[in-house]
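**Student:** Take a look at the following structure, please.
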Amino acid sequence: MSTIDAPPPPLTTPAAGEPVQPYDPKLTADEAPSRPFAVLGEFDNVDDVMAATHAAYAKGYRKMDVHTPFPIHGIDEALGIKPTILPWLVLSAGVTGMITGLLLTSYTMGIIQGPLPFVPVALEPYEYLISGKPYWSLAAYIPVIFELTIMFSAYTAVFAMFLLNKLPMLYNPLFRSDLMKRVTDDRFVLAIEATDRNFDEQDTEKFLKEQGALQTDLVTY
Amino acid sequence: MASITPGYDVTLQDPHRNTGDDATSRAPLVLGHLDFKGVTDRVSSVALAWPAVWWWAMFVPSVALAGLFFSLIGYLFATGVGIWGNNSPNMWGFPIINFVFWVGIGHAGTLISAILFLFRQNWRTSINRFAEAMTIFAVVCAGIFPGIHVGRPWLAYWLFPYPNQMAMWPQFRSPLLWDVFAVSTYASVSFLFWYTGMVPDLATLRDRCKNRIGKIAYGIASFGWTGSSRHWHRFEKAYLLLAALCTPLVLSVHSVVSFDFAVAQLPGWHTTFFPPYFVAGAIYGGFAMVLTLAVPCRYLLGFRDIITERHIENCCKVMLGTGMIVTYAYAAEFFFAWYSGHHFERAIFLFRLGGPESLGFWALVVCNCVIPQLMWVKKFRLNPWTILIAAMAVNIGMWLERYVIVISSLSNDFVPSSWDQFRATWVDIWLFVGSFGLFFTNFLLFLKFLPTVAISEVKTVMPAAHAHGPSHADDHEAHGDESAPKGAH
C-alpha cells in the first residue's frame, strides 16, 4: 500500500458509548472506521483530467489537487494555483549572498586595520598586502562574491521549494490508496479533499464518476 | 520541464528513426510507439532488475581501479609528493592537468541540463540525467587532485574562510582560492540540481519496486513525492531558477579554472583569451565523454527508443561545433604569440611546435582538430563506431591539451638555467588511470540504482502530454468534453 508499511492509527475519536475499534491494517481504506481525507478519481489522459478539473472548479471545489506523472500545462489555471513566492525568496537569498561575499572579502582583506574593540582575535581583519595591490581590490573579489551569490540563491531555490511543498513528508494518507501507485507512471488522479466545504463522500464520488473517472477511491486518515 | 508544444510529427512512417532533415515538422523524441507506461517500464526495469553480465564485467574492474586509486593516495600521504614527477619548475604536473581535465568533462552535463533547458532544446530530456550524473562524478574526481596536491591534505580546510586561532584569512586575490569557491559551489549546486530533478523519478521507482528494502530506500529518497500539481508548480519554478543560476555558474567555473593560468605571468598562460577558450574546450571534452558513455548505454540498457539516433546526432553536432571553436583558439594563440612581438611568448609556441613536448602537441592537433572532422558527414554521425572513434580522440586530445598547456609553459620559463623537463612517474600515471576507476564505479552504481533517464521529463516531450494534442499513444476511449475550457499552453 504505502512506502511506510505501518501507518499510525486513525485519528478519529469514537463518540461516547461507542466501543473503541482497534486499528486493523488489514482493513481497506473503505472499511476503516475513520474520517475521510479525500476522494480520488483516476483518469488516463491529460484531456480528461483537465476537463474534470475545470468542471470541479466550476462546481465550487477549491481544496483539490491533481496528481500527475509530469507537470501538465494549464493545470495551474484550472486549479486556481497562485504563482509561487519562490522567485522572490531566491532573489533575496541572492542579494544576501552578494552582500555576504562583499563584506567577507572587503573586511578580511583589510579595509580596516585590527585590533578592533569587541572583536575576538579569531575574527580580526588585517591589511593584507599582496604584490603591492590595493587593499580593497574589488575586481579580484568578484569571483568569490559571484560564487556566493549563486550558492545562496541555488540552495534557497531547492530547499525553499521542498519546504514550501511540505516535503519531505514520508507519511501521507494518499499513499493508502492504490490509485496513487500509477500516478508516477501513466495515470492522472484528481483528489478532492474532505476539508473542502462542498465535499460530500457520496456526491463528490458521483461527481468524479460523471466526469469520466475510470475508478474512484475514498481515502481516509 | 517546460517544453514547446505544437508541431510534433506524429505521422512518422518508420517508428525507429527520427533523423530526417525535414525542417517543417518537429521530429519525435521518443520512438518505438512507446507510451507513458512504456517509458516508465523501460527506464525503471534497469534500476529494479538484477544487473546484467556486462554490468558486473565493468563494475568489478572499476572497483579494482578505484581501490588502486585510494591505495595510491594512501601511499602518497605516507610518503609525500616526491613520488610524483613534479619538480621545480614543474610544480603543478599531473594533479592540475587531471583536475582541469575532469572539471572540463563535468561542464557538458551542466550545459545539457541548464543551458539547453533555457534554450528550450527538448531533446535534452533523454540525456540530461545521465549527463548530470557524469558531471557530479567527474567533479568528484576533479576535486580530489588539488586536494591531494596541497602537501598536507589534512589541513585542506584552511582553504575556507573560518575564524581560527591563527587569526588567518585566506587570500581572496588568488585565483586558486577563487577555484575553491567556484568548484565547491559548482559541485554542490550540480548535485542539488541533479537530485531535485530526480525526486519525481525516485517516486516512480518507489511505486514500482517490489523489494522491501528498495521500497523503503526509494521512499525516503523521494521525500514523499505525490506528483501534486501544486508541488509541480513550485518544482518547475525552482527548476527554471536553478537552470538560470547554473548557466552563469558553469561558465564562471571554467573561467576561474583558466584564471589559475591566465593570472600567472608565464608565457603561454598570461592571456585574456583563456576563459572562452577553456569553456569551449570543457564543453568539447564533456560532450565527447557524454557520447562515449551514451552510445554504448543506448544498446546495453535498451534505451534506443528514448536516447534516439537524433539525440546522439545532436551531441555530435555540438561536439563538432565546440571543436571548431577550440581549433580556432589554437590557431589564435599562435597568432597572438607572433603578433605580440614578445620574445618569451614566441619561444614557448615554437617549443610547442618542435620542443620536447612537441609529440604531445601534434597528437592533440590530430585528436582534437582532425579526427572529429568525421562528424561533418551524416553517415558517420549515425554510426556508433565512427562516433566512438571521434569521441575517444577528443577525450585523449583534451587531456593532451591540458598537458601541453601546463607542461610546456612551466618547464621553459624566462631563465634557461631554471628549465627542467617533466617526466611522469608510475604513480602519476596510475593515479590518473585509477581516477577513471572511481568515475566508472560511481557511474555504474548510478546506472544500476537510480533512474538513468529523466522519466517525468521525457513524458513532457511526448505528444500525449499536452491537452488537446493531436493523438494519444495509449488506447483510451473516452475523450474529455470538448466544450470544457482549454488549458493554456
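The values are calculated or read from the model by the stated rules, or taken from the named source; none is laboratory data. Everything numeric in this text was worked out from a predicted model, so none of it was measured. FYI the Cβ positions are ideal-geometry reconstructions off the backbone, even for glycines, and counts take in every protein chain you see.
**Student:** Restricting to the stretch B:449-464, name every residue that is part of a helix (DSSP H, G or I) and either closer than 14 Å to residue B:134 by Cα or within 14 Å of another protein chain (Cβ to nearest Cβ) (or both). It would help to see each step written out before you state the result.
**Tutor:** We begin by selecting, within the stretch B:449-464, every residue part of a helix (DSSP H, G or I); these are B:449, B:455-460, B:463-464.
Within the stretch B:449-464, B:455, B:456, B:457, B:458, B:459, B:460, B:463, B:464 qualify.
Results for (1) within 30 Å of residue B:449 (Cβ to Cβ); (2) touching a Leu at 6+ places or on another chain (Cβ under 8 Å), shown as yes or no for each residue.
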| position | (1), (2) |
| --- | --- |
| B:168 | no, no |
| B:180 | no, yes |
| B:190 | yes, no |
| B:215 | yes, no |
| B:228 | yes, no |
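**Student:** Another question about this same structure. Within the stretch B:284-308, which residues are of a type outside the set (A, V, I, L, M, F, W, C), within 17 Å of residue B:453 (Cα to Cα) and touching a His at 6+ places or on another chain (Cβ under 9 Å)? Give the derivation first.
**Tutor:** Narrowing the stretch B:284-308 to residues of a type outside the set (A, V, I, L, M, F, W, C): B:284-286, B:292, B:296, B:298-299, B:302, B:304-305, B:308.
Those left that are additionally within 17 Å of residue B:453 (Cα to Cα): B:292, B:296, B:298-299, B:302, B:304-305, B:308.
Passing the criteria: B:298, B:304, B:305, B:308.
**Student:** From A:145, A:150, which residue is touching a Cys at 6+ places or on another chain (Cβ under 9 Å), part of a helix (DSSP H, G or I) and either acidic (Asp, Glu) or in contact (Cβ under 8 Å) with a residue 12 or more places away in the chain (or both)? It would help to see each step written out before you state the result.
**Tutor:** Numbers: A:145 fails: touching a Cys at 6+ places or on another chain (Cβ under 9 Å).
The conditions single out A:150.
**Student:** Those residues that are more than 7 Å from every other protein chain (Cβ to nearest Cβ) and in a helix (DSSP H, G or I), I need them from the stretch B:160-180; list them, please.
**Tutor:** First, pick out the residues of the stretch B:160-180 that are more than 7 Å from every other protein chain (Cβ to nearest Cβ): B:160, B:162, B:166, B:168, B:170, B:174-177, B:179-180.
Correct list: B:175, B:176, B:177, B:179, B:180.
**Student:** Since residue B:157 meets every condition but one in (1) without any contact (Cβ under 8 Å) to a residue 40 or more places away in the chain; (2) within 9 Å of chain A (Cβ to nearest Cβ), which condition does it not meet?
**Tutor:** Every listed condition holds for residue B:157 apart from (2).
**Student:** Considering B:72, B:65, B:111, which residue is in a helix (DSSP H, G or I), touching a Gly at 6+ places or on another chain (Cβ under 9 Å) and at pLDDT below 90? Steps first, answer last, please.
**Tutor:** Values: B:72 fails: at pLDDT below 90; B:65 fails: at pLDDT below 90.
B:111 is the lone residue from the list that is in a helix (DSSP H, G or I), touching a Gly at 6+ places or on another chain (Cβ under 9 Å) and at pLDDT below 90.
**Student:** Next question, about the same structure. Any idea how many residues of the stretch A:58-75 are within 9 Å of another protein chain (Cβ to nearest Cβ), within 22 Å of residue A:204 (Cβ to Cβ) and surrounded by fewer than 22 Cβ atoms within 10 Å (Cβ to Cβ)? Give the derivation first.
**Tutor:** From the stretch A:58-75, those within 9 Å of another protein chain (Cβ to nearest Cβ) are A:58, A:65-75; that's our starting set.
Right, trim to within 22 Å of residue A:204 (Cβ to Cβ) and you get A:58, A:65-68, A:72, A:75.
Of the ones still in play, those that are also surrounded by fewer than 22 Cβ atoms within 10 Å (Cβ to Cβ) are A:58.
Qualifying residue count for the region: 1.
**Student:** With respect to residue A:102, is the statement that it is in contact with a Lys or Arg (Cβ under 6 Å, 6 or more places away or on another chain), modelled with pLDDT of 90 or more and not β-branched (Val, Ile, Thr) true?
**Tutor:** Numbers: in contact with a Lys or Arg (Cβ under 6 Å, 6 or more places away or on another chain): no; modelled with pLDDT of 90 or more: yes; not β-branched (Val, Ile, Thr): yes.
Spelling it out, it is not the case that residue A:102 is in contact with a Lys or Arg (Cβ under 6 Å, 6 or more places away or on another chain), modelled with pLDDT of 90 or more and not β-branched (Val, Ile, Thr).
**Student:** Still on this model: Tell me which of these residue B:335 doesn't satisfy, since it passes every other one: (1) farther than 18 Å from residue B:375 by Cα; (2) touching a residue at least 40 places away in the same chain (Cβ under 8 Å).
**Tutor:** Here residue B:335 meets the rest and fails (2).
**Student:** Within the stretch B:438-445, is there a residue that is out of contact with any Cys (no Cβ under 6 Å at 6 or more places or on another chain), at pLDDT 90 or above and not in a helix (DSSP H, G or I)?
**Tutor:** no
**Student:** Give the stretch B:181-217 a look and list any residue that's more than 9 Å from every other protein chain (Cβ to nearest Cβ), part of a helix (DSSP H, G or I) and surrounded by fewer than 21 Cβ atoms within 10 Å (Cβ to Cβ), or say none.
**Tutor:** B:187, B:191, B:213, B:214, B:217
**Student:** If you take the residues of the stretch B:240-254 that are more than 7 Å from chain A (Cβ to nearest Cβ) and buried (at least 24 other Cβ atoms within 10 Å of the Cβ), which of them is farthest from residue B:194 (Cα to Cα)?
**Tutor:** Once the filter is applied, the top-ranked residue is B:254.
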